[in-house]
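The values are calculated or read from the model by the stated rules, or taken from the named source; none is laboratory data. Given the structure is predicted, the values throughout are model-derived calculations rather than measurements. Glycine also receives a Cβ, built like all others from the backbone with ideal geometry; neighbour counts cover every protein chain displayed.
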Amino acid sequence: MTATTGGPSLPQERRVVTAIPGPKSQELQARRSAAVAAGVGSVLPVFTTRAGGGVVEDVDGNSLIDFGSGIAVTSVGNSAEAVVRRASAQLAAFTHSCFMVTPYEGYVEVCEKLAELTPGDHAKKSALFNSGAEAVENAVKIARAYTRRQAVVVFDHGYHGRTNLTMALTAKNMPYKHSFGPFAPEVYRVPVAYPYRWLTGPERCAEEASAQAIDMIGKQIGAENVAAIVIEPLLGEGGFIEPAKGFLPRIAEFAKANGIVFVADEIQSGFCRTGQWFACEDEGIVPDLITTAKGIAGGLPLSAVTGRAEIMDAAHSGGLGGTYGGNPVACAAALGAIETMRELDLNAKARHIEEVMKPRLLELREKYEVIGDVRGRGAMLAIELVRPGSKEPAPDTTAALAKACHSEGLLVLTTGTYGNVMRFLPPLVIGEELLNEGLDILEGALAGL
């Protein structure tokens, strides 16, 4: 059976029939306010009933163009046929046994696929978990077990999760860390090559940023004390920052020369999102460990740490795992998602999305001074908004732009350390007409600022 998306049963069109949010969503929002903790936020309080292809339909009958994919999760589309087929069959067979009690083939098969798909031809093994944060935390555990060292190096603008250790790894205070400390120790932050904001300009960014980072590691931590260097090859929550070319290879070479485990956090950028299976492939980086989640299972909760077999085997038996890690239904969904990615060649589709979107975004930058930078790869693109005539971040303008897009039926997400980046993460199966219509809405919203 050919892998298809869940989209054909859902009309692939924008439809705005009420105010957004509509009356039914507002009623549900009142119920939510009474029952759900206030700390759980939402970008747009419309309540979803169906989604597929490139649209999300709400309880009021509005159909929104989806430029968010549930934060890069539904890359294969929502309810993709192969995901539903495989997950449904597994659901009917058994929902759980705990791999640590009685194992099952699906977990093993997902690990085999990860060994095949991730960069490098060395022997690899994987361990499966539930969330991206859990994967990152276990990557640190594994690196510490392997190196017998404690220190972990992370980067400015990085995001790695909301657990105690991953909050320590994450750079941004609000909303991720504020009031939740104290955080885990032995975490050290160094500069990242952020071309748009590097003081001496983008041309010197990679060389200077890598030199500063390496110097700080040597002087402030000692390379011999570092267990792992953890970095997103294309930074997500920090603002879709694409490190200047040459930065990642220099950091990876430094790690290798000093016996440090190099961890690529591909939770947002992995699984065809940037036009390659993994973003680190763009500069030929072969990480020691790679963490994945989000796009791995078509919407079901699953994550993984994959890496060199000798590193992955450093943890003692029983040291890794969790009750739900590698749940059989989630594993079946992952196999369906990978099937879809291959059969529909979603790497090519991501590159095509870039070919459609990036020229339009660059045109908008020339037309509207508020857009300071356009960046990203594949279907992981962003614009950074600034005060006209400067590089001063413009978070209020960014929020207003997002609100204007939402009111017209375009679901967009904001991000960035300064709250001034609008990111675009459409499903990789979205149609070109919807892409262009979404860009038209964005342009209209910019004109109305």
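For the reader, a short list of remarks on this structure follows.
- Answer residue from segment 235-251, given it is aliphatic (A, V, I, L, M) and crowded, with 24+ Cβ neighbours inside 10 Å and is farthest from ALA151 (Cα to Cα) among those: ILE241
- Close pairs (6 angstrom Cβ cut-off, 6 or more residues apart or separate chains): of a type in the set (Gly, Ala, Ser) in segment 215-230, assigned to a helix (DSSP H, G or I) anywhere: ALA223/ILE217; ALA227/ALA143; ALA227/ARG144; ALA227/THR147; ALA228/VAL140; ALA228/ALA143
- Strands (runs of 3 or more DSSP E) fully within segment 8-115 counting 1 or more residues that are more than 25 Å from MET422 (Cβ to Cβ): 48-52
- Checked against the criteria, LEU235 does not count as within 19 Å of the chain's Cα centre (by Cα) and farther than 25 Å from THR415 by Cβ.
- Selection count, segment 81-135, where residues are among the β-branched types (Val, Ile, Thr), surrounded by fewer than 19 Cβ atoms within 10 Å (Cβ to Cβ) and touching a Leu at 6+ places or on another chain (Cβ under 8 Å): 0
Every residue, every condition in (1) part of a helix (DSSP H, G or I); (2) assigned by TED's automatic domain parsing to the domain that holds ALA264; (3) closer than 22 Å to PHE271 by Cα; (4) more than 19 Å from the chain's Cα centre (by Cα), yes or no:
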position	(1), (2), (3), (4)
VAL136	yes, yes, yes, no
VAL152	no, yes, no, yes
GLY161	no, yes, yes, no
ALA168	yes, yes, no, no
LYS219	yes, yes, no, yes
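- Matching residues in segment 395-449 - criterion: being surrounded by fewer than 19 Cβ atoms within 10 Å (Cβ to Cβ) and of a type in the set (Gly, Ala, Ser): ALA399, ALA400, SER407, GLY419, GLY431, GLY444, ALA447, GLY448
- Pick from segment 5-31, criterion of a type in the set (Val, Ile, Thr) and crowded, with 18+ Cβ neighbours inside 10 Å, ranking: modelled with the lowest pLDDT: THR5
- Failed item, numbered, when LEU128 is tested on (1) under 23 Å from LEU346 (Cα atoms); (2) in a strand (DSSP E or B); (3) hydrophobic (A, V, I, L, M, F, W, C): (1)
- In segment 106-124, the residues that are closer than 15 Å to ALA332 by Cβ form Cβ pairs under 6 Å with partners that are part of a helix (DSSP H, G or I), at six or more places apart or across chains, as follows: GLY106/PRO328; GLY106/CYS331; GLY106/ALA332; TYR107/CYS331; VAL110/CYS331; VAL110/ALA334; LYS113/ILE338.
- For beta carbons closer than 7 Å, sequence separation of 6+ or different chains, a first residue in segment 365-387 that is surrounded by 22 or more Cβ atoms within 10 Å (Cβ to Cβ) and a second that is at pLDDT 95 or above and of a type in the set (S, T, N, Q), the qualifying pairs are GLY378/THR274; MET380/SER269; MET380/THR274; GLU384/ASN420; LEU385/THR397; LEU385/THR398; LEU385/ASN420.
- Subset of segment 129-162 [over 25 Å from ASN327 (Cα atoms), of a type in the set (Val, Ile, Thr) and in contact with an Asp or Glu (Cβ under 7 Å, 6 or more places away or on another chain)]: VAL152
- Failed condition for PRO202, given (1) under 21 Å from the mean Cα position of the chain (by Cα); (2) under 23 Å from GLY419 (Cα atoms): (1)
Yes or no, residue by residue, for (1) in a loop (DSSP other than H, G, I, E, B); (2) within 21 Å of the chain's Cα centre (by Cα); (3) more than 30 Å from ALA211 (Cα to Cα); (4) basic (Lys, Arg):
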{"site": "ALA255", "(1), (2), (3), (4)": "no, no, no, no"}
{"site": "GLY275", "(1), (2), (3), (4)": "yes, yes, no, no"}
{"site": "GLY295", "(1), (2), (3), (4)": "no, yes, yes, no"}
{"site": "GLY299", "(1), (2), (3), (4)": "yes, yes, yes, no"}
{"site": "ALA304", "(1), (2), (3), (4)": "no, yes, yes, no"}
{"site": "ALA315", "(1), (2), (3), (4)": "yes, no, yes, no"}
{"site": "GLY336", "(1), (2), (3), (4)": "no, yes, yes, no"}
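- Residue count, segment 210-221 (criterion: closer than 13 Å to PHE155 by Cα, touching a strand residue (DSSP E or B) at 6+ places or on another chain (Cβ under 9 Å) and surrounded by 15 or more Cβ atoms within 10 Å (Cβ to Cβ)): 4
- Among the residues of segment 277-293, the one identified as in contact with a Ser or Thr (Cβ under 6 Å, 6 or more places away or on another chain) and assigned to a helix (DSSP H, G or I) is ALA279.
- ALA193, sole failed condition from (1) in contact with a Cys (Cβ under 7 Å, 6 or more places away or on another chain); (2) touching a residue at least 60 places away in the same chain (Cβ under 8 Å): (2)
- Conditions (1) under 15 Å from THR274 (Cα atoms); (2) in contact (Cβ under 8 Å) with a residue 24 or more places away in the chain; (3) out of contact with any strand residue (DSSP E or B) (no Cβ under 9 Å at 6 or more places or on another chain): number failed by ASP345: (2)
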